[in-house]
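Everything below concerns the one structure shown next.
The values are calculated or read from the model by the stated rules, or taken from the named source; none is laboratory data. Quantities reported herein were computed from a predicted structural model and do not represent experimental measurements. Cβ atoms come from the backbone with ideal geometry, glycine included; neighbour counts cover every protein chain shown. The accessibility values were calculated without ligands, DNA or RNA, using every heavy atom of the protein model including side chains. Shrake-Rupley method; radii C 1.70, N 1.55, O 1.52, S 1.80 Å.
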Amino acid sequence: MAVNYKAELVGVFGYPVAENPTCVIQEAAFQELGLNWRYLTIEVKPEGLAEAMNGLKAMGFQGINLTIPHKVAVMQFLDEISPDAVMIGAVNTVRRDGTRLIGENTDGKGFLRSLHQDGNIDIKGKHVAVLGAGGAARAITFELALAGAAELRIINRSGERGEALVNDLTVRTGIHASFVPWASTYEGGEDIDILVNATSIGLFPDVDAVPDISLAKLRSDVLVCDVVPNPPETRFIQTARARNLKVLTGLPMLVYQGAIGFEMWTGHKAPESVMKKALEQVFRG
Ligand code: NDP
């Protein structure tokens, strides 16, 4: 009888990485589809990334996810980078094509999928305000611009980072984007359709933290989103719920960015509902 004990390998490089739950989502999908694939959670220090990427090639990994602090540094070790990952300036997913390693960014695509599938929103023509200008904000705003949003307003604590994002968005996508300095007096505006917290405020263990902006001037039909996946019910989301606003948590975004990576790696349609259930289970504890 012919046997094949060889598993296909994928995983995540990060530092720290022990609490990253992506393995749960991917392993649930492999199991559901009966694929002999493994997703490994691997601690790689910044100074070890070059060797880790060589090891990836030597061991024939099918791909890898990158998380803090490797999303930018990994770009120098790749054979090709997708045009949108170049625009965003970061890679969170690497896929292998023969011997070539190709960098992609699925964070913003995951957010778009969650807006569409869970928020029931068509982004075309929408006015979006985004809190934050870090990696997640960059990924989200470029994908929103490419998907046809009408306008982006970037509200960020560091003016330099916020202005740089606005400039990159304007030059690279042509969207109308503007920078608003972070202030507790910020109240949103009647013309905003979607407000996104793309900062790390509220992320475990700082679960009581909440962006100190007022939601006073938002329309009652605005969609309030948070990218923070852990916990999904951030105080920001709770505050919006208490005001009877529609909300979208960071949980579906995390599932879909993984689902898109799964589809790139395996060529199979991702079993999203199985992946989502597995992640919900993690956060229920
Ligand atoms: P970065 O470190 O790149 O950026 C952090 C952002 O948060 C910056 O804009 C920073 O502002 C802002 N910020 C942090 N603390 C404060 C504060 N006290 N007051 C005001 N602004 C603050 O992180 P990432 O963009 O990579 O990650 C941001 C969040 O996105 C994290 O919670 C992460 O878990 C989440 N994420 C979720 C994903 C998902 O699938 N759901 C995928 C990827 C990320 P400044 O520029 O002024 O420092």
> So which residues in the stretch 124-143 are in a helix (DSSP H, G or I) and in contact with a strand residue (DSSP E or B) (Cβ under 6 Å, 6 or more places away or on another chain)?
Replying inline: 137, 141
> Taking the stretch 212-227, which residues are out of contact with any Lys or Arg (no Cβ under 8 Å at 6 or more places or on another chain) and either of a type in the set (Asp, Glu) or at pLDDT 95 or above (or both)?
Replying inline: 212, 225, 226, 227
> What is the one condition in (1) modelled with pLDDT of 95 or more; (2) aliphatic (A, V, I, L, M); (3) surrounded by fewer than 18 Cβ atoms within 10 Å (Cβ to Cβ); (4) farther than 25 Å from residue 281 by Cβ that residue 3 does not satisfy?
Replying inline: (1)
> Can you name the condition, by its number, that residue 185 falls short on among (1) open to solvent by 20 Å² or more (accessible area, probe 1.4 Å); (2) within 23 Å of residue 125 (Cβ to Cβ)?
Replying inline: (2)
> If you take just the helices (runs of 4 or more DSSP H) that sit entirely in the stretch 9-116, which of them hold at least 1 residues that are of a type outside the set (Lys, Arg), in contact (Cβ under 8 Å) with a residue 12 or more places away in the chain and under 14 Å from residue 257 (Cβ atoms)?
Replying inline: 22-33, 83-88
>> Being near the ligand (Cβ under 9 Å from one of its atoms) and under 28 Å from residue 280 (Cβ atoms): is that true of residue 239 here?
In response: no
> Which members of the stretch 155-182 meet the condition of being farther than 17 Å from residue 86 by Cβ, more than 9 Å from the ligand (Cβ to nearest atom), open to solvent by 40 Å² or more (accessible area, probe 1.4 Å) and not charged (D, E, K, R)?
Replying inline: 176, 179, 181
> For residue 190, all conditions in the list (1) within 13 Å of the ligand (Cβ to nearest atom); (2) in a loop (DSSP other than H, G, I, E, B) hold save one; what is the number of the exception?
Replying inline: (1)
> residue 145 fails exactly one of the following numbered conditions: (1) without any contact (Cβ under 8 Å) to a residue 40 or more places away in the chain; (2) under 15 Å from residue 111 (Cβ atoms); (3) open to solvent by 20 Å² or more (accessible area, probe 1.4 Å). What is the number of that condition?
Replying inline: (3)
>> If I ask for residues that are surrounded by fewer than 18 Cβ atoms within 10 Å (Cβ to Cβ) and either within 13 Å of the chain's Cα centre (by Cα) or among the hydroxyl-bearing types (Ser, Thr, Tyr) (or both), which ones from the stretch 216-253 would you list?
In response: 220, 239
